[in-house]
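Taken together, the values in this text are just the output of simple stated rules run on the coordinates, not laboratory data. As the structure is a computational prediction, the values presented were derived from the model and not from experiment. Here the Cβ positions follow ideal geometry from the backbone for every residue, glycine too, while neighbour counts run over all protein chains shown.
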Amino acid sequence: MASQHRTEVQAVPEAIQAGMRLAHPAPGEEVVICGVAGCFPDSSDVYHLRDNLMNKVDMISDDNRRWKLDHPEIPQRTGKLLNVNKFDASFFGVHFKQAHTMDPMCRMLLEKTYEAIVDAGINPRHLKGQRIGVFIGACFSESEKTWFYEKLQKDGFGVTGCSRAMMANRISFWLGVNGPNYTVDSACSSSLYAMEHAYKSIRGGHCNAAIVGGCNLCLHPFVSLQFSRLGVLSPQGMCKAFDRDANGYARAEAICVIYLQKARDAKRVYATVIHAKTNCDGYKEQGITYPSGKVQQALLEEFYQECAISPTALDYIEAHGTGTKVGDPEELNALDHVFCKGRKTPLPIGTVKSNLGHSEPASGLCSIAKVLIAMETGIVPPNLHYYNPKDGVEALVEGRLKVVTEKCPMNVHLAGINSFGFGGANAHILLQWNRKNKINGGAPTDTIPRLVVASGRTEEAVDTILKDFESRSVDAEYVHLMHDLQSTEIPGHIYRGYTLLTQDERKLRSIQYFPGRKRPVWFVFTGMGSQWPGMGKALLNIPIFAAAIEKCQQALKPHGVDLFNIITSEDPHIFDNILNCFVGIAACQVGLVDIMKAAGIEADGIVGHSVGELGCSYMDGSFTAEQMVLAAYYRGRASVEAKLIQGLMAAVGLGAKEAKQLCPPDIEVACHNGPNSCTLSGPANSMKKFVQTLQQQGVFAKEVNCANIAYHSKYIAPASPLLLKYLRELIPHPKPRSTRWVSSSVPQSAWNTPLATHSSAEYHTNNLLSTVLFAEASQHIPANAITIEIAPHGLLQAILHRSLSKATTNIALTQRGHSNCTELLLTALGRLYELGLQPQLANLYPPIEYPVSRGTPMISPLIRWEHSEDWYVTSYKMQEKVKSGERYVMVSLEDEEMEYLSGHVIDGRNLFPAMGYIALVWESVGLMFGQLYTEVSVVFKNIQFHRATNIPKE
């Protein structure tokens, strides 16, 4: 009997089950939008679009940029992109002829793809060889007629330039990625279909990330004529979506690209793609172009069943909303049936088509761009041209659906987006905002100035990025994204620059041309004389430096040495104690080497001056940090414990050979510094007299603070047994010296002897006793090297500048008495970046947790290209045929293509250039033959200019 009362459970269709699996990923497997870039009608980037949307700018224009045609059925008003003739061909490795014959959409897709990738904080080089999918939504190539069916092309470039498959293929080719790759055409829903394909491809494991693009250009009026005769275009060129007077849409151009990743891999999250789904109207009695609200409703009902999310939970719907008489009611009624049942408040809706027109295959991504703007800013942009609700749409009349007509402050947690093709291909996606709020405006919790480096195709490109960072309060997450982006060289970027973001808003910045040549890097370790009171105080703000000093402090603690006091004290007598000098210099060098290593800056060669060779040992890996600082300590201890004469050392402006000839018998040349510089060492009284004598003769001579010890002379010999004993205990198993370490304490003739092959107690004891052969050792530094002086003060800069080739660049990391050595060090790293090194700057700062917070500034709007070249665009305007050898040309300085002529001024008159006439004749000849003028050989003879043409300002 009980069986008679069982309730039948309806089985869930297999397709719905598949959708449920897609919509419920494991943690970290969610698909997220992490980069976005685009150009839109009269909007050069996403920021420009944001401003135009928020300011209620009608982005539809009636100028003649594309055509001027008085045809009653063709609306003159369209949404037009700026600069469709521009392309940075050399950056993408596109041949001159290919660039001319490429569909402009393909050219712009490449640039916007790069921008979207870097917006995600990803260096495009890091994608090579990865399974990255490319999915492009596109319908018409209005260039293909010219390049496919006319005799303008003879070399096959037209096929590879205008084939819609190439719009996706060329992106994968340029990036070197191996995921799925194709162009999707479902008419007006193409880019959202591409989005759905990308989403499923990532969720299905076919690719790890995806590039999704949409593109549309309106180059020929007769395409618009077809749409007009289909009855979908507004004669006034206004998309009055949802309004009683809606009578069609305005056509528009757009190029938009987004970058998708799995959440676990993302550095930035604009939104999570909760789900994406498509269906098709199928057969309809009214005809293939008649929309089916019933099928749209079915799509939405299945969608939210698969998501297990109540439709009432949505905060906003970005509708397809073209403004057509049939399309709007069908969509609005479907939205009402699905989203308004049980909803307690009106559902805000809108459509970006009212602002910028209908960009057809690109429209879905334009809608996504608008929703991301709303999520990032917390403001839903207003619709235009909505005044009275559409007749017959009860949801609008009764207020269940509310069209956003003014800027609407609200947190858009969940937003649905519709996109429908005119053949019945429907798509819907659901986006969830990035929940991570920015704390304290992103301000760092530490006080370290942020060094930002940037590269670009032009000086302006670098300057634009640096200015953006300089114009904002420091945002640690934003800076970290840029650090990651610049962690590897971007090929083709021939300008580099840096700016240091300080708390007092001072600008420490520079931009330089970078020829692309890699140069050898040499570390130069300075010895005595580089110490100064307070030399390590500011550097302790850098965690890596502080950790290095702490490590050294622990090694010295058993010996009663207070290292922190030594390097931070501003007592002018702190370094009267030679032991303090040695351990202070050594510890600072350990810290600076650790910073260089953390920044990924490795030395091709190493050379040290005097006790600086201890730093060479640490850099070379033959000493630990503890061994280095203790070796310095024992060098000082042996100097103090030994019974030595009262000695003195002096720097002299003479070469070693000349100085040796002048020195009294009891004074020795201790250091060969450079061709015109050496250091003398000897008994104090004799040294004082000789220094005075040299000064009287006009020779530079200055006493050096050496704690009354005559180093690198016979007078230091009593300290040798003590130092050797201490070092043998410290270095029981000496390691070999590498070939990159050039010895300055052993002559080159003895480099292969047992004394010189290892960083041993004997080697460093010999360093104490022997003459410093720095001048000889520095001659091994290549002429084009970059030298980095590792010391508390750049003591050797003048010597290096005089001794080395003019092609050598010498960089000091610190400077005696500088008010903030942290700033100086970071500026030096910026300079090294300019010179072609790739410092890993993120390693120098406290880590941040990815993804970055909502509201982190975008990078894509900052990108500037090398756009000096104009490339062919097969627009109707450019395709006017020349008849009877006659051609009319309108020249106006208000035309963006001709405004550059304003610079051609002779005797105060703005004249049309002589070469301009010749170029026009050449172009006309090409048009007569139906060929590109650059492919037509011409010879001009007996040219006569009858008069000059003055170009009026207006």
The range 76-93 - phi-based ³J(HN,Hα) in whole Hz, Karplus 6.51/-1.76/1.60, Gly and Pro as x: 6, 7, 9, x, 10, 6, 8, 6, 6, 8, 9, 6, 8, 4, 5, 4, 8, x
Based solely on its DSSP helices, what 222 nm [θ] is calculated for the chain when runs of n ≥ 4 H residues each add -39,500 (n - 2.57) and the sum is averaged over all residues, nearest 500 deg cm²/dmol? -10000 deg cm²/dmol
Distance in Å, no decimals, from the C-alpha centre of the range 669-705 to the one of the range 570-600 is 26
Tell me the net charge near residue 343. Cut-off is 14 Å between Cβ atoms, residue 343 excluded, with +1 for each Lys or Arg and -1 for each Asp or Glu. +1
Entries in 200/390; 507/702; 438/467; 56/294; 660/702 that, when Cα-Cα distance is taken, lie over 26 Å: 200/390; 507/702; 56/294
I need the peptides 658-669, 939-950, 772-783, 674-685 ranked by packing, meaning the mean over residues of other C-beta atoms within 10 angstrom, with the highest value on top. 674-685, 772-783, 658-669, 939-950
Under-5 Å amide H pairs with residue 790, H placed in peptide plane, nonlocal only: 524, 525, 526
Starting from the Cα coordinates of the range 645-708, work out the convex hull volume and express it per residue in Å³. 68
Using a 10 Å cut-off on Cβ atoms, rank the peptides 318-325, 459-466, 519-526 from the highest mean neighbour count down. 318-325, 519-526, 459-466
For residue 43, which sequence-distant residues (separation of 5 or more, or a different chain) have an amide H within less than 5 Å of its own amide H, given hydrogens modelled in the peptide plane? 82
Cα-based helix-to-principal-axis angle, 221-230 vs the chain, degrees rounded to 10: 50
Would you work out the relative contact order for the chain, in percent, from Cα pairs under 8 angstrom that are 6 or more residues apart? 13
Please report the spacing between the Cα centers of the range 530-562 and the range 402-438 in Å, no decimals. 55
Relative to the longest principal axis of the C-alpha atoms of the chain, give the angle of the C-alpha long axis of helix 821-834, reported between 0 and 90° and rounded to the nearest 10°. 60
Which of [x] 56.0; [y] 40.7; [z] 103.8 gives mean projected area of the Cα convex hull in nm² as computed here? It is [x]
Name the residues whose placed amide hydrogens come within less than 5 Å of the amide hydrogen of residue 710, ignoring near sequence neighbours (fewer than 5 apart) on the same chain. 647, 648
Compute the relative contact order of the range 15-433 as a whole-number percentage, counting only Cα pairs closer than 8 Å that sit 6 or more residues apart in sequence. 23
For the range 360-369, in order, what is each residue's ³J(HN,Hα) by Karplus, 6.51 cos²θ - 1.76 cosθ + 1.60 with θ = phi - 60°, in whole Hz (x at glycine and Pro)? 6, x, 8, 5, x, 6, 4, 5, 4, 4
If each K or R counts +1 and each D or E counts -1, the residues other than residue 367 whose Cβ falls under 9 Å of its Cβ total +1
Give the shape of the range 15-433 as rounded, prolate or oblate, defined through the alpha-carbon gyration tensor: a ≥ b ≥ c are the square roots of its eigenvalues, a/c under 1.5 means rounded, and otherwise the shape is prolate if a/b is larger than b/c and oblate if not. oblate
Residue-by-residue Karplus 3J(HN,Hα) for the range 764-777, coefficients 6.51, -1.76, 1.60, Hz, glycine and proline x: 7, 5, 4, 4, 5, 8, 8, 5, 7, 9, 5, 4, 5, 5
Order of 92-103, 590-601 by packing, highest average Cβ count within 10 Å first? 590-601, 92-103
